[in-house]
Amino acid sequence: MKYDENNIFAKILRGEIPCKKIYEDDFVLSFFDINQQKKIHALVIPKGKYIDLDDFNINASQEEIIGFMKGITLVSKKLGISSNGGNGYRAIINVGENGGQEVPHLHFHLFGGEKVGKIVS
Ligand code: AMP
């Protein structure tokens, strides 16, 4: 499958659509989910054009993979939900059709600010 340049997160990365930005560096952009599911619901996306987790793990550079993973903790710390200083959170990635992925640009959901409940519903 080819990366869709017109997916909503690609437009956010290009600055064509606004977002409620939490954090940005060379590797990641983080912003609040527009359809908040928990007290805190953040998204963390890589800057590179990757459709999903498998595309990323197969094609991204070591630097991008490290930058993305570290980005999660930089964001969790900024939001005060890190296990290091806060009460923790759930990080999930939906992958593909069966995983329920709607936006075809890799993203972590970070849920926190309250107990997030069972892992699968
Ligand atoms: P997923 O189902 O894992 O692909 O999640 C996509 C997420 O993107 C959903 O939780 C949406 O609410 C969220 N979303 C869609 N459009 C926007 C937007 N413009 N700004 C922030 N979040 C968005």
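The values are calculated or read from the model by the stated rules, or taken from the named source; none is laboratory data. Note that the structure is a prediction, hence the values are computed from the model and not measured. Backbone-built Cβ (ideal geometry, glycine too); neighbour counts: all protein chains shown. Note: areas computed on protein heavy atoms with side chains; ligands, DNA, RNA excluded. Shrake-Rupley method; radii C 1.70, N 1.55, O 1.52, S 1.80 Å.
Listing for the model above:
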| quantity | calculated |
| --- | --- |
| Number of positions in region 98-112 that are surrounded by 17 or more Cβ atoms within 10 Å (Cβ to Cβ) and more than 10 Å from the ligand (Cβ to nearest atom) | 3 |
| One residue from K39, K11, K20 being farther than 20 Å from K77 by Cα, out of contact with any helix residue (DSSP H, G or I) (no Cβ under 9 Å at 6 or more places or on another chain) and basic (K, R) | K11 |
| Pairs, first over 17 Å from G71 (Cβ atoms) and more than 12 Å from the ligand (Cβ to nearest atom) in region 37-49, second assigned to a strand (DSSP E or B) and modelled with pLDDT of 95 or more, C-beta under 9 Å, six or more apart | K39/F111; K39/G112 |
| From the options I65, I93, residue that is touching a residue at least 12 places away in the same chain (Cβ under 8 Å) and of a type in the set (V, I, T) | I93 |
| Flag if I72 is modelled with pLDDT of 95 or more, open to solvent by less than 50 Å² (accessible area, probe 1.4 Å) and not basic (K, R) | yes |
| Filtered residues of region 21-36 (kept if outside any strand (DSSP E or B) and either more than 10 Å from the chain's Cα centre (by Cα) or more than 8 Å from the ligand (Cβ to nearest atom) (or both)) | D25, D26, F27, I34, N35, Q36 |
| The lone exception for F56 - which of (1) more than 13 Å from the ligand (Cβ to nearest atom); (2) surrounded by fewer than 13 Cβ atoms within 10 Å (Cβ to Cβ) it fails | (2) |
| Top-ranked residue in region 81-92 [being touching a Phe, Trp or Tyr at 6+ places or on another chain (Cβ under 9 Å) and open to solvent by less than 40 Å² (accessible area, probe 1.4 Å); ranked as nearest to the ligand (Cβ to nearest atom)] | I81 |
| Residue match in region 62-73 (condition: of a type in the set (S, T, N, Q) and either closer than 18 Å to C19 by Cα or more than 15 Å from the chain's Cα centre (by Cα) (or both)) | yes |
| Boolean, I17 is assigned to a loop (DSSP other than H, G, I, E, B), within 13 Å of the ligand (Cβ to nearest atom) and open to solvent by less than 20 Å² (accessible area, probe 1.4 Å) | no |
